[in-house]
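Below: the structure, in structure tokens.
The values are calculated or read from the model by the stated rules, or taken from the named source; none is laboratory data. Every value quoted in this text rests on a predicted model; they were computed, and no experiment measured them. Heads up, the Cβs are rebuilt from the backbone with ideal geometry, glycines too, and the neighbour counts pull from every protein chain shown. Keep in mind that these areas ignore ligands, DNA and RNA; they rest on the heavy atoms of the full protein, side chains included. Shrake-Rupley method; radii C 1.70, N 1.55, O 1.52, S 1.80 Å.
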Amino acid sequence: MFSMEVMRLIERCRQGDADALGELYKAYAQRMRGVCRRYVSDEQTISDVLHDSFVIIFTSFDKLRDDRKAEAWMMSITRNVASKYKDHLAKMTFVPLEEAEHLQMSKPESEVRGVPLEDVMQLVDGLPEGYGQVFQ
């Protein structure tokens, strides 16, 4: 896609044209998916990162200062989202399923801020219909 087309699409996107958002997605999704693959290998995660990237792009057109640099701007956003996800993933601890059965689960709480759990549950049951479901 050449720059003038991209610039027109960006302007239409700024004006809230949903069709333009779809066209922009179709034009760049595959390239951006390739950027995601450099950071993440799982296809579902790549789709999630791509989705998150487009959400940021679609809600941040006001931050794009030069429409001629839109492609680089979108790729940069995608790289940042993928990189942050990769960093987040690196900090997580994973336990193989075979080892998980040997882990000790913590005991369920018997009190909530000094109030016996049984009393708290009675109070929750007394809430209007629907409100108690949030706590349960």
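Annotations for the structure displayed:
- D62 versus S41: modelled label distance in nm, points set 7 Å from Cα along the beta carbon direction: 4.2 nm
- Under a model in which nothing but the beta-carbon of Lys, Arg (+1) and Asp, Glu (-1) is charged, the chain shows a dipole of about 1160 debye around its Cα centre.
- Computed extension length for M4-Y25: 5.9 nm, one decimal, from 0.36 nm per residue of separation with the Cα-Cα distance subtracted.
- Degrees separating the helix 18-37 axis from the principal Cα axis of the chain, which is the longest one: 80 degrees
- Each residue was assigned an accessible area with a 1.4 Å probe, and for Y131 the value is about 150 Å².
- Answer label, with percent of Cα pairs over 28 Å apart calculated from the coordinates and candidates (1) 12; (2) 21; (3) 49: (3)
- Only helical runs count toward this figure. For the chain, summing -39,500 (n - 2.57) over DSSP H runs of n ≥ 4 and dividing by all residues gives -20500 deg cm²/dmol at 222 nm.
- You can think of it this way: the chain between H102 and R33 has 21.0 nm of extra reach, that is 0.36 nm per residue less the Cα-Cα gap.
- Radius 13 Å from Cβ of V6, net charge of other residues (Lys, Arg +1; Asp, Glu -1): +1
- Fully extended contour minus Cα-Cα distance, from E11 to L89, at 0.36 nm per residue: 24.5 nm
- For segment 71-86, 3J(HN,Hα) per residue [Karplus equation, 6.51 cos²θ - 1.76 cosθ + 1.60, θ = phi - 60°, Hz, x = Gly/Pro]: 4, 5, 4, 5, 5, 5, 4, 4, 4, 5, 5, 5, 5, 5, 5, 4
- Residue among T78, F58, C13 farthest towards the positive dipole end of segment 1-93, charges placed on Cβ: T78
- Solvent-accessible surface of segment 1-104, taken per residue with a 1.4 Å probe and all protein chains present: 69 Å².
- For the chain, lysine pairs with C-alpha atoms less than 23 angstrom apart, excluding pairs fewer than eight positions apart on the same chain, total 4.
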